[in-house]
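*Asks:* Here it is: the structure, laid out below.
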Amino acid sequence: MSQSNIMPGFRPTLAFTLLYLGLVVLIPLSTLVFKSFQLSWEDYLSVITNDRVVASFRVSFVTSLAAAAVASLFGFIIAWVLVRYPFPGKRLFDALIDLPFALPTAVAGIVLAAIYQPNGYIGTLLTDMFGLQVAYKPLGIVVALIFISLPFFVRTVEPVLQEFDSTMEEAASSLGATRRQVFVRIILPNLLPASLTGFALAFARSVGEYGSVIFIAGNLPYVSEIVPLMIITKLEQYEYAGATAIALTMLVISFLLLLVINLLQLWVRKRSGQL
Amino acid sequence: MSILLSNISKKFGRFSALNNINLEIPEGELVALLGPSGCGKTTLLRIIAGLERPDQGRVLLNGEDKTEQHVSHRGIGFVFQHYALFRHMTVFDNVAFGLRVKPRRERPGEHEIVKKVHALLELVQLDWLHDRYPDQLSGGQRQRIALARALAVEPSVLLLDEPFGALDASVRKDLRQWLRNLHHELNVTSIFVTHDQEEAMEVASRVVVLNQGRIEQQGSPSDIYDHPANAFVSRFIGQTNVFTPEQQDDAWLATFGLQPGKTAHVRPHDIDIEKSSEQDAQAILKDWQHLGALIRVELVKNGSNDRFYAEMPNEHFKRLQLDKGDKVSLRIRQAHWF
Amino acid sequence: MSAIAYPINEAKAVERPQALRDPDWVRWSLTAVAVGFIVLFLCLPLGIVIIEAFSKGWQTYWSALTQPDAQAAMQLTLLTALVTVPLNTVFGVAAAWAITRFEFRGKSLLTTLIDLPFSVSPVISGLIFVLLFGAQGWFGEWLSAHDVKVLFAVPGILLATLFITFPFVARELIPLMQEMGSEEEEAALSLGASGWRTFFWVTLPNIKWALLYGVLLCNARAMGEFGAVSVVSGHIRGLTNTLPLHVEVSYNEYDFVGAFASASILAGLAIVTLILKSALEWRQARR
């Protein structure tokens, strides 16, 4: 308590914080861990290595990776344009980026389904012109996840780009670098840590996403069934042990992702001289 | 390389940063662009570099029109105010950057680059820091690395934006001398921007005074100090007492040619004082301060509250045997009328 | 290096320095790609909600919203927000105070734990309450013996929402109060102000916009949460359906107008949230 002894309220606020954290978060979350102790290793493995479960993990990871990649690519362009180019309506577009944060996922889900189903607004076009079906296919999951994860990437890269010291670009230019060389050698390396963080955040969010996906996914076992849905299916069949095993695996994976994200952010701060 | 600027004007929105600037800088000079903040000096430097394009006017380097040429092709070296070192690169990679981005046929081999970078780092006496990152350096070290980086491409003109602005006073003193010596050694045409008149006078061989987007005066430091072209330059460079004869007893000023309707600018060291008896005393000594080799005397004219200052060598002041409250007579050696 | 020497010190430059300006064709094509993507992926869905909701006319829209189940869902959603947002706001302020105004061991662990719910999938957030209060859960037997319903009832929904929205207020306040430092509060205390007075007169005015920002995001999520609530609610029409769940149920029963009518209410909520959020950000930027 070196900071200041005169500040009041340390004991009550800390006590309340710990109590509330324990009741609302830690105790509920720990049930997952304790429940899984009731499982034997063999039981756990048999749940996790079940073909349908493995397939759901594959679907979740592949679609999340694809969505995070697309969201990162376009997110980069969007962040770049929003920070660097003036154009009319820029503030409006900037505010809209947060729509996926604010729009309930169920709403996003039914709207995206309405747009991309074979007789939907864009679905019709895609089916007629390219014979491409989006909704009720893994591609539909990707579309929903792009929607959900876009702001995570944009909002991570945007501030870094905003704070970017443009005199570094001028310095490189004055030393004879072409615009392309400036981009590849100066801008990209400085934005790389933030971009990786944004990608990881987008991926982490995608893997856990449920609401926006189930309406557009088709939820076909082995093909378009995601892990969160798998957990719900187990629950509805009263297979609590199975649901717990899958959930624990997901939880461990997302904590690993969290660790990676934190390390990346540490790296970002170190690189930008804030440490 | 000589630099010729003709009729340069530049506006930012409705703010007019530069107004019809004409300036010629011969090869090999070390020039200071001096002026208060907002006078347009940085903009002018950036226009010479090609970082900004003037709204009108031409930039000629060695007689060639380079107005439309992009900064990356001008062959200038630019040292940024906050150095703009590449944060994600080591000191060595920073200095090597300009060599590595050259088109393949002009690019020296890696071996040659290594040799050259180390030579430059030795020139700025920082070779031992070659594998550090910019964040690990002190301000003075960053400054010198930025200079080494700019010199790596063998620029024909070296441009420095407030090169000492972000440094501690003591480091600044050292670096000024160092920059002067370096210029002697390399003899590359150099221009630096500063708002500190002392710095401009000490370092530059030629000073250009700017104010509100115009050139007020240019010349050697002693020219500008001894023969200021107008009231602004006189006030901006060095210390000056300003007298308005109408409001004051002006007999003593008249000894140096009274010009009605104008103000007299008198340097403190151009005022002589002497202890005086009641009748012809013109001022009272209020206070004095020790400035090292000089003594600064605070004076007040009879029947007035305006303070003005005289400066004289220590020894001289002792000989006068003056004390606070003494009456003194005044004599001026020189005045400028504006 | 936040005090970057840009725009150029002489004037407030409206555009980037000329040497760094990208060629026009690059600027235009990138802007077109960005705007196109935003329109296709963000604007279009928002528009479609409205179009679909009114596809059978104003009358149908209105009756879809006024039917008892929809009304019940709206009431439950409001109740959820009314209970969870104040609780998490009080927690957020208390946690930020403890963390930013005092040094103690385990502080960084505590900060990490507060963010925990963000990295847990909504479905898992629901599952843990099923494990806790379900028939086979820890408290399951005790609860059924005393005839208390938590799961598939309102308390379960409240708890799951509480968990999901737990970090929102705290994570807005902690960095801000850290940055502010405690000098002003120390000054107030040294002038004889009591702890509460110091908080209400000095701390609160300084954090009010960030606090509102956190409350706003917390509220949006509390009203819109789907995954976690879906697991614990049991989908009992008129009783345990929140508005997002009502959207799902209507959609699955092919009552598209009903689904999109409810969705339009939630979309309206999202738009209001975005507008307020922009306004708050604008305010904070001007400070």
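*Asks:* Over what distance in Å are the Cα centres of the range C:226-287 and the range B:221-246 separated?
*Replies:* 73
*Asks:* Right, here's the next one. Quick one: if the Förster radius is 56 Å, what FRET efficiency do residue C:104 and residue A:55 give, using the C-beta to C-beta distance and rounding to 0.05?
*Replies:* It comes to 0.75.
*Asks:* Further question on the same structure: How would you classify the range B:53-189 from its alpha-carbon gyration tensor, with a ≥ b ≥ c the square roots of the eigenvalues: rounded for a/c under 1.5, else prolate if a/b is greater than b/c, otherwise oblate?
*Replies:* It comes out oblate by the Cα gyration axes.
*Asks:* Given points 7 Å out from each Cα along the Cα-Cβ axis, report the residue C:115 to residue B:123 separation in nanometres with one decimal.
*Replies:* About 4.6 nm, to one decimal.
*Asks:* Pick out, in residue order, every one of the chymotrypsin sites (Phe, Trp or Tyr not before Pro) in the range C:244-287 that is DSSP loop and has at most 11 other C-beta atoms within 10 Å; say none if there are none.
*Replies:* C:254
*Asks:* While we're looking at this one, here's another question. Taking 7 Å along the Cα-to-C-beta vector as the label spot, tell me the residue A:184-residue A:11 distance in nanometres, rounded to one decimal.
*Replies:* Placing both labels 7 Å beyond Cα along the Cβ direction yields 6.5 nm.
*Asks:* Grab the beta carbon distance between residue C:43 and residue B:294, set R0 = 60 Å, and tell me the FRET efficiency rounded to 0.05.
*Replies:* 0.25
*Asks:* Just to be sure I understand: of the beta bridges DSSP finds with both ends in the protein assembly as shown, what percent are antiparallel, rounded to 5?
*Replies:* Looking only at bridges with both residues in the protein assembly as shown, the antiparallel portion is about 70 percent.
*Asks:* Where the centroid of each part is defined by its Cα atoms, how far is the range B:269-338 from the range C:22-53 in Å?
*Replies:* Spelled out, the Cα-based centre of one part sits 75 Å from the other.
*Asks:* Pairs B:286/B:318; A:90/C:277; B:11/B:173: which exceed 26 Å Cα-Cα?
*Replies:* B:11/B:173
*Asks:* A follow-up question, please. Summarise the partner chain shielding of A:247-253 as one whole number: the mean count of Cβ atoms from other chains within 10 Å of each residue's Cβ.
*Replies:* 3
*Asks:* In degrees, nearest 10, range 0 to 90: what is the angle between the Cα axis of helix B:169-186 and the longest Cα principal axis of chain B?
*Replies:* 60
*Asks:* Peptides B:197-205, A:253-261: what's the order by average Cβ count within 10 Å, highest mean first?
*Replies:* B:197-205, A:253-261
*Asks:* Would any residue of the range A:50-70 have its amide N under 20 Å from a label point 7 Å out along Cα→Cβ of residue A:263? List them or say none.
*Replies:* So the set is A:65.
*Asks:* Same structure again: What's the FRET efficiency of residue B:135 with residue C:25 using the Cβ-Cβ distance as r and R₀ = 30 Å, to the nearest 0.05?
*Replies:* It comes out at approximately 0.20.
*Asks:* What are the membrane-span-like helices in chain C by this rule: whole DSSP H runs, Cα extent along the axis at least 24 Å, mean Kyte-Doolittle hydropathy at least -0.5?
*Replies:* C:68-101, C:204-224, C:256-286
*Asks:* Further question on the same structure: Just grab the label-to-label distance for residue A:119 and residue B:102, each label 7 Å out from Cα along the Cβ direction, in nm (one decimal).
*Replies:* Using points 7 Å along Cα→Cβ, the separation is 7.0 nm.
*Asks:* Given axes a ≥ b ≥ c from the Cα gyration tensor, I'd like to know whether the range A:39-272 is rounded (a/c under 1.5), prolate (a/b larger than b/c) or oblate.
*Replies:* Because a/c hits 1.5 or more and a/b fails to exceed b/c, the range A:39-272 counts as oblate.
*Asks:* As an exercise, identify the trypsin sites (Lys or Arg not before Pro) in the range C:29-137 lying in DSSP coil whose Cβ has no more than 16 other Cβ atoms within 10 Å.
*Replies:* Qualifying residues, ordered by number: C:56, C:105.
*Asks:* Cα gyration tensor of chain B, axes a ≥ b ≥ c as square roots of the eigenvalues: rounded (a/c below 1.5), prolate (a/b > b/c) or oblate?
*Replies:* prolate
*Asks:* Here is a follow-up. Taking each residue of A:213-223 in turn, how many C-beta atoms of other protein chains fall within 10 Å of its C-beta, and what is the average?
*Replies:* Mean shielding count: 1.
*Asks:* Peptide B:85-98: average number of partner chain Cβ atoms within 10 Å per residue?
*Replies:* Other-chain Cβ atoms within 10 Å of each residue's Cβ, averaged: 4.
*Asks:* Ignoring everything except DSSP H segments at least 4 long, calculate the 222 nm mean residue ellipticity for the protein assembly as shown; use -39,500 (n - 2.57) per segment, divide by total residues, nearest 500.
*Replies:* Taking each H run of at least 4 residues, the total per residue is -17500 deg cm²/dmol.
*Asks:* Using only the alpha carbons of the protein assembly as shown, what is the convex hull's orientation-averaged projected area in square nanometres?
*Replies:* The number I arrive at for the protein assembly as shown is 50.5 nm².
Only the coordinates and a few stated rules stand behind these numbers; no lab work does. Note that the structure is a prediction, hence the values are computed from the model and not measured. Because the Cβ atoms are built from the backbone with ideal geometry, glycine has one as well, and the counts that use them run over all protein chains shown.
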